[in-house]
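A.B. asks: Below are the structure tokens for one structure; questions will follow.
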Ligand SMILES: Cc1cc2nc3c(=O)[nH]c(=O)nc-3n(C[C@H](O)[C@H](O)[C@H](O)COP(=O)(O)OP(=O)(O)OC[C@H]3O[C@@H](n4cnc5c(N)ncnc54)[C@H](O)[C@@H]3O)c2cc1C
């Protein structure tokens, strides 16, 4: 297999690099210190059309594949930025594209592609259900002119920076359906109309991630808010997981590259005991190992992305890429902290911020334990060790 980039793909990567140069370390440090959203950065990516690359040309997007989306997100993180602020704009619309009605697609996708509308928030996780999505209890009760939704969500990210929200809710109780993954439905909520029916409480986390608890009380949704088939929402969400895992893996690979680059530079210039610290094997080996592990993860990621774009099954590769890439990023983060000695702790160096950000992807959007159970069961044929699993 040849995973080399085409001239066009290299141009995209160069363009993203140039864009990211305008948003240096100091920009991200300042936002992190004040827990602010990178509005200027997201606007620049949107205006450049980078967040709508996967929207088909019929709906005003670039009609490109996940390979190009991977390039974008990887370069953002490799530049020192944090693509988490807007990555969901690329993959959340996938549910709408695959399962939405033609009317929903015509209404929203061109607006998203033009950058006039943001769909970058998805509410699946609930406090009591955790990774076992089948246990969600947020309920959308059928009423004459639509649905009435009540419930609670947790860790719903970027809701303040999104016009639309994808919401997974039960439309039938788990006890009343043959399989507990039945009876869930996916809704497209217009947040501009929801107003006080959704109370948003920010959750302070160790990363600047704009994540929230949602308290939903008598939220009225019209029938046309339903995406796909009623009762089949869990499977509609599952359909998008491969894309999400491949893209998150790309961010982790970008993080790993950033840690390695910074560490190579520091190890070359920091002189202790009369020589650069990088001349010591105890310093250079962890850097080289982190580099190699990130390269290996990157290859599996390209394999997954290439299969995805060819419309082939890629669950094994996407899950493997997510796990290997997040672990490679975390290994690189640890390595960079050690390489930088006390300076790694100094906020100005940026290492501690990226260290915190890289940690997230061991847990979200799905924990690596659940990724491992997928591979154990679906790839290796081992007995099922958990319920239904799989969050966002
Ligand atoms: C910053 C941030 C942003 C997020 N953004 C979103 C978002 O936008 N939308 C959204 O819906 N969710 C979001 N999430 C939620 C995220 O998807 C969940 O945190 C994640 O899926 C894990 O669920 P949990 O936290 O409930 O952990 P739990 O399910 O409670 O798991 C706790 C630990 O137990 C382990 N565990 C549980 N069961 C098993 C088992 N059977 N076998 C082995 N290990 C097991 C898990 O792997 C984990 O290590 C976000 C989370 C964070 C931290």
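A.B. asks: Mind checking which residues of the range 270-284 are surrounded by 14 or more Cβ atoms within 10 Å (Cβ to Cβ) and in a strand (DSSP E or B)?
C.D. replies: 276
A.B. asks: Please state which one of 86, 70 is at pLDDT below 95, touching a helix residue (DSSP H, G or I) at 6+ places or on another chain (Cβ under 6 Å) and either surrounded by 16 or more Cβ atoms within 10 Å (Cβ to Cβ) or closer than 19 Å to residue 364 by Cα (or both).
C.D. replies: From the options 86, 70, the qualifying one is 86.
A.B. asks: Name every residue in the range 107-122 that is within 12 Å of the ligand (Cβ to nearest atom) and surrounded by fewer than 17 Cβ atoms within 10 Å (Cβ to Cβ), in order of residue number.
C.D. replies: Matches in the range 107-122: none.
A.B. asks: Quick one: is residue 156 at pLDDT 95 or above and either closer than 30 Å to residue 359 by Cβ or within 13 Å of the ligand (Cβ to nearest atom) (or both)?
C.D. replies: Taking the combined requirement at face value, the residue satisfies it.
A.B. asks: On to the next question. In the range 190-231, how many residues are touching a strand residue (DSSP E or B) at 6+ places or on another chain (Cβ under 7 Å), exposed (fewer than 13 other Cβ atoms within 10 Å of the Cβ) and in contact (Cβ under 8 Å) with a residue 60 or more places away in the chain?
C.D. replies: 3
A.B. asks: Quick check on this structure: which one of 137, 125 is near the ligand (Cβ under 10 Å from one of its atoms), modelled with pLDDT of 95 or more and either within 18 Å of the chain's Cα centre (by Cα) or surrounded by fewer than 18 Cβ atoms within 10 Å (Cβ to Cβ) (or both)?
C.D. replies: 125
A.B. asks: Return the residue satisfying two criteria in turn: it lies in the range 104-115 and is farther than 17 Å from residue 240 by Cβ and part of a helix (DSSP H, G or I), and of such residues it is nearest to the chain's Cα centre (by Cα).
C.D. replies: Applying the filter and picking the extreme gives 113.
A.B. asks: Residue by residue through the range 129-142, note down the ones that are touching a residue at least 40 places away in the same chain (Cβ under 8 Å) and part of a strand (DSSP E or B).
C.D. replies: Listed by number, the list holds a single entry, 140.
A.B. asks: From 347, 379, grab the single residue that is more than 12 Å from residue 249 (Cα to Cα) and within 24 Å of the chain's Cα centre (by Cα).
C.D. replies: 379
A.B. asks: Scan the range 146-153 and tell me whether some residue there is crowded, with 21+ Cβ neighbours inside 10 Å, within 22 Å of the chain's Cα centre (by Cα) and either within 19 Å of residue 202 (Cα to Cα) or outside the structural domain of residue 219 (by TED's automatic domain parsing) (or both).
C.D. replies: Checked the range 146-153: at least one residue is crowded, with 21+ Cβ neighbours inside 10 Å, within 22 Å of the chain's Cα centre (by Cα) and either within 19 Å of residue 202 (Cα to Cα) or outside the structural domain of residue 219 (by TED's automatic domain parsing) (or both).
A.B. asks: Counting only residues that are within 16 Å of the ligand (Cβ to nearest atom), give me the helices (runs of 4 or more DSSP H) lying completely in the range 1-103 with at least 3 of them.
C.D. replies: 87-91, 93-99
The values are calculated or read from the model by the stated rules, or taken from the named source; none is laboratory data. As the structure is a computational prediction, the values presented were derived from the model and not from experiment. In this analysis, Cβ positions are derived from the backbone assuming ideal geometry, glycine residues included, and neighbour counts consider all displayed protein chains.
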